[in-house]
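Q: First the structure, then my questions, so here it is.
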Amino acid sequence: MNIACIYSIDDYYSTEKPLPSPATIPFGIATIITNLKETGFNAELFVLTSQTNLENTLGKYLNEQKPDLVCFTAVSTQYNFICEIARYVKLINKETHTLIGGHHVSLNPDDAIKNTDFDALCIGEGDRAAVEYAQAVNNKVQPTGIANLWIRNRQLQTLEKNPTADFIRDLDSLPFLHRPIWLEWINDPSRLVTILVGRGCPNTCTYCSNHALSKLAKGKYVRFRSPENILREIQQILLAYPLTDTIFLEVETLTVDLNYTKKLCEKLIELNSTLENPIRFGTNITFNRNIIQNEEFLELFEKAHFKFINIGLESGSEKIRKEVLRRPSYSNSDIKAFCAAAKSHGIDVNLFVLIGIPGETLEDFRETISCVKDCDPYSFMLSIFFPYPGTDLYKRAKELGVLKHQWQIHEGERRVPTLSLPGFSRKQISREYVLFYYNVFKGRKPWIKILAVTIRTLIGMSPRANTIYRRLFSSGFLKTLWAKYSGSL
């Protein structure tokens, strides 16, 4: 049976190859595609953008291959676009089954089910549910009794709301990703590879969906694959892609259980000891009490050849971190000292930073600029706060009366302001967002690099300008020249 799996993206290199690198493969739908293929289904992938010619891509496939099932995933900003695609699918063949999952649907099922172009919704993990649904469709029977799914019975005009199964505890039971199906959609397949290490997050940050997703099912939410299982996948990747030199270990944080972290690092050290050219590793960590002034942790990471780590600073205002964002407790001086210590061990630190947070003022953001300057990171990822429906900070934004329903747009997510705050206007947020690189790195980096990154940031705020930029710089000399000076591609 033919099955189409659809993933959408708004910041893309080109409509033909929207994804910049293998590091941007989304693990949720990628795992579902892998499961479907391993079960024997002929699953086909489509990575779509708002500029994709549907008739020549998806339309051609729907008319020629006539899939019985189309699977979708969507975050809040992509949901309306995905609804348009589902409508397109049904117009070509109303008998085609449609199944949608993803964060937006999981946290807002009562809203999503109103769209009658979807035959089923997946609430939470869909690894097993998608396969069971596909098997029912393949057997020409009405899908029913499938955990994690809300299923529409069009003949009886009923809606079946099935309970969610426990979170999958044994992540080693999941197959290694089928990566070749993604390669035709990737602009530069030679760049770093990402491997999933675990699922779930122990933190309850108000701006993130994890605290809400953790309530969707019973069982352990924070889970990790065994180090042995991870090592086997790395070895498989090195055999398939021998030029791989950098692997990012994707997990919300690798500092939950330092005993586990130690075992994983020992396996990575063991692996690199067998390689002529050791693999560079990177990962995400939460800055918390486990690693504050923990020299052994950094020594272990250095031995395991970790060359970069991402840390969610989010705000340089300790008040905002504590009272608004519900971040783990630490002082600005703590993270400054940690960044300096990491650098002494040859580990680059990249900081995640937010701007335009409900309750934040311009003065609060000045503290963020100061803190980031003191940390002197290798780089940062600055995002304008986006109110994801279902999160606690979305609710707070509504209570404060600053929320506009702009989450319905599907372009410019986290690059354009959605809120105008009493102490931080939309205009001020935009200005500080564009000038942040300059304010942090002036006098520390070459002026041409600061200028290039500032211009690139400004372009990124306009969906149309960003599309033109991506088309111009997707290949060739201009791409090389721009990357040399901006360092942001």
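Read-outs throughout are calculated quantities, based only on the coordinates presented, and are distinct from any laboratory measurement. Every value quoted in this text rests on a predicted model; they were computed, and no experiment measured them. Neighbour counts are summed over all protein chains in view; Cβ atoms, including those assigned to glycine, are modelled from backbone coordinates with ideal geometry.
Q: If we sort 415-421, 456-462 on the protection proxy, mean other Cβ atoms within 10 Å, highest first, what's the order?
A: Numbers: 415-421: 21.0, 456-462: 17.1.
Going from most to least packed, we get 415-421, 456-462.
Q: I'd like the FRET efficiency for M381 and Y88, computed as 1/(1 + (r/R0)^6) with the beta carbon distance as r and R0 of 30 Å, rounded to 0.05.
A: Values: r = 33 Å, r/R0 = 1.11.
Computed FRET efficiency for M381 and Y88 comes out at 0.35.
Q: Report the calculated FRET efficiency for N259 and A337 (r = Cβ-Cβ distance, R0 = 22 Å), to the nearest 0.05. Present the calculation step by step, with values, prior to reporting the outcome.
A: Working: r = 24 Å, r/R0 = 1.10.
So the FRET efficiency works out to roughly 0.35.
Q: Also, quick follow-up: Note the full-extension length gain between L231 and I459 as 0.36 nm times their separation in residues minus their Cα-Cα distance, in nm to one decimal. Let's see the in-between values first.
A: Working: separation 228, 0.36 × 228 = 82.08 nm, distance 4.03 nm.
Going from the current span to full extension adds 78.1 nm.
Q: Another one. Could you please report the charge total around I33, scoring K, R as +1 and D, E as -1 over all other residues with beta-carbon less than 12 angstrom from its beta-carbon? If you can, show how the numbers build up before the last one.
A: Values: positive: K37, R179; negative: E38, E44, D127.
Net local charge, I33 excluded: -1.
Q: May I ask you to list the lysines whose Cα is less than 28 Å away from that of K442, ignoring any residue fewer than eight positions away on the same chain?
A: Answer for K442, where 28 Å is the Cα cut-off: K307, K319, K336, K343, K373, K427, K479, K484, listed by chain and number.
Q: Based on alpha-carbon positions alone, could you give the equivalent ellipsoid semi-axes of the range 214-351 from the gyration tensor, as √(5λ), descending, whole Å?
A: Working: eigenvalues 156, 75, 32 Å².
After diagonalising the Cα gyration tensor, the semi-axes are 28, 19, 13 Å.
Q: Can you tell me the order of 323-334, 198-209 when each peptide is scored by its average per-residue count of other Cβ atoms within 10 angstrom, highest first?
A: 198-209, 323-334
Q: Which net charge results for the neighbourhood of F365, defined as the other residues with beta-carbon distances under 11 angstrom from its beta-carbon, given Lys and Arg at +1 and Asp and Glu at -1?
A: Values: positive: R366, R431; negative: E360, E363, D364, E367, E432.
The answer is -3.
Q: If I take R0 = 51 Å and measure r between the Cβ atoms of N138 and L362 in this structure, what FRET efficiency does the formula 1/(1 + (r/R0)^6) give, to the nearest 0.05?
A: On the way: r = 58 Å, r/R0 = 1.13.
Computed FRET efficiency for N138 and L362 comes out at 0.35.
Q: Right, here's the next one. Stretch N439-Q293 to full length: gain in nm at 0.36 nm per residue minus the Cα-Cα span?
A: Working: separation 146, 0.36 × 146 = 52.56 nm, distance 2.82 nm.
Here the answer is 49.7 nm.
Q: Let me ask something else. Would you mind telling me the antiparallel percentage of the DSSP bridges in the chain, rounded to 5?
A: Details: 11 of 55 bridges.
If we restrict to bridges inside the chain, about 20 percent are antiparallel.
Q: Run the dipole for the chain about the Cα centre, Lys and Arg Cβ at +1, Asp and Glu Cβ at -1, nothing else charged, and hand back the magnitude in debye, nearest 20. Before the final figure, lay out each step's value.
A: Details: 58 positive and 52 negative charges, 214 e Å.
For the chain, the charge dipole is close to 1020 debye.
Q: Hey, could you get me the Stokes-Einstein D for the chain, Kirkwood radius over alpha-carbon pairs, 4 °C and 1.567 mPa s, rounded to whole µm² s⁻¹? Don't jump to the answer; show the numbers that get you there.
A: Working: Rh = 23.8 Å.
Here the translational diffusion coefficient equals 54 µm²/s.
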